[in-house]
Amino acid sequence: MIQLTQRPRRNRKSATIRNLVQENSLSVNDFIYPLFLIDGKNKKSEVQSMPGIYRYSLDLLLKEIEICMNLGIQAFDVFPNIAEKLKDKTASESLNKRGLYLTALREIKKRFPEAAIMTDVAMDPYSSDGHDGYVKNGEILNDKTLDILAKMAVAQADAGADIIGPSDMMDGRVGYIREQLDVNGFTNVSIMSYTAKYASAFYGPFRDALNSAPKMGDKKTYQMNPANSLEALTEAELDTIEGADFLMVKPALSYLDVIKLLKDNSTLPIAAYNVSGEYAMVKAAAAKGWIDGDRVRDEILLSIKRAGASVILSYFAKEFAISRK
Ligand code: PBG
């Protein structure tokens, strides 16, 4: 007879015991659901590389939000697909109060005052260069960009945004945006900083969705090098000093160590963006019958939570909510 004092399998012997000792779990409350907005009426077009994810015109987007709210999802991150002819060097369309995005934000907030609406602050959807910052002679100018971003953030706050999401990775933008929000009376508008946003190949399907890929070069002079993690701590420290309310890591799955690193070194809530390419990979493999898509989805989302993210931005949010009904 073998005498073992410790038998960890005892805590796995039945579903009931497993449930008792389960350390982490997911709830619809953990999610922010990203949504793509297009111009027009009664329009819905699927993002080819993201099966199940659509670009909606405002009327249909409102319906989609209502469906999601009924499923228990209460937070949304809205991204606009801007017509090529409206793009310019300074992203001026981002300040157009009668433009697609600000009109939609006002309408969404009016219809769903209890929802939390997050917005994206970066120049790329409106920039004729397809970059997150102002481009001069091939260079992304940091300080000139700050001014544009802060005006964009104030315009979005004015339209009803609850959470501003600077996704641009310019230096000093959180502090600059915080100051401009405050002097304009938006002290209650939160900032979820894209703290550690990596120069990643996982954003490909998103850029298809918005037609927002850079026209030249790449984003490596502002987004982080995937080889680095210490830099994430520097960014986290700066964002915290500058007034961020949440720190985000993006992408999520290949950066679980960075999520954990920030979690262990900050008292702020940590968010993670389970990005478009991460969604696309699961969908593609599931469509081929190579993996069980639903189980892989739940396992990935749980791993992000376990790593330390209390907020998860994910294209899976809606189907996760449906699976829990
Ligand atoms: C734009 C932005 C990007 C994403 C969110 N905001 C793309 C990029 O930086 O090129 C990517 C989201 C995703 O892939 O799901 N600044």
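Brief remarks follow.
- Residue among Leu253, Leu302, Leu238, Leu233 that is away from the ligand (no atom under 16 Å from the Cβ) and farther than 21 Å from Asn142 by Cβ: Leu302
- In segment 166-181, the residues that are touching a Phe, Trp or Tyr at 6+ places or on another chain (Cβ under 9 Å) and either on the phi < 0 side of the Ramachandran plot or surrounded by fewer than 24 Cβ atoms within 10 Å (Cβ to Cβ) (or both): Pro166, Ser167, Asp168, Met170, Asp171, Gln180
- Candidates Thr221, Thr240 - the one that is over 20 Å from the mean Cα position of the chain (by Cα), surrounded by 13 or more Cβ atoms within 10 Å (Cβ to Cβ) and among the polar types (S, T, N, Q): Thr221
- Leading residue by the ranking (nearest to Ser266 (Cα to Cα)) among those in segment 296-320 that are surrounded by fewer than 20 Cβ atoms within 10 Å (Cβ to Cβ) and not basic (Lys, Arg): Ser310
- Residue in segment 242-249 that is at positive phi and either touching a helix residue (DSSP H, G or I) at 6+ places or on another chain (Cβ under 9 Å) or part of a helix (DSSP H, G or I) (or both) present: yes
- So Ser212, is it crowded, with 22+ Cβ neighbours inside 10 Å and at pLDDT below 95: yes
- Every pair of residues 6+ apart whose Cβ atoms lie under 9 Å, when the first sits in segment 49-70 and is closer than 18 Å to Tyr203 by Cβ and surrounded by 18 or more Cβ atoms within 10 Å (Cβ to Cβ) while the second is among the aliphatic types (A, V, I, L, M) and modelled with pLDDT under 95: Ser49/Ala209; Met50/Ala209; Ile53/Ala209; Arg55/Ala209; Arg55/Leu210
- Verdict on Ala201 being within 16 Å of the ligand (Cβ to nearest atom) and either within 15 Å of Ala122 (Cβ to Cβ) or touching a strand residue (DSSP E or B) at 6+ places or on another chain (Cβ under 8 Å) (or both): no
- Look at (1) surrounded by fewer than 17 Cβ atoms within 10 Å (Cβ to Cβ); (2) closer than 18 Å to Gly185 by Cα; (3) within 17 Å of the chain's Cα centre (by Cα) and you find that Ala116 fails only one, number (2).
- Entirely in segment 135-199, the strands (runs of 3 or more DSSP E) that have 2 or more residues that are among the small types (Gly, Ala, Ser): 190-197
The values are calculated or read from the model by the stated rules, or taken from the named source; none is laboratory data. Every value quoted in this text rests on a predicted model; they were computed, and no experiment measured them. Here Cβ is always computed from backbone atoms with ideal geometry, including for glycine, and neighbour counts include all displayed protein chains.
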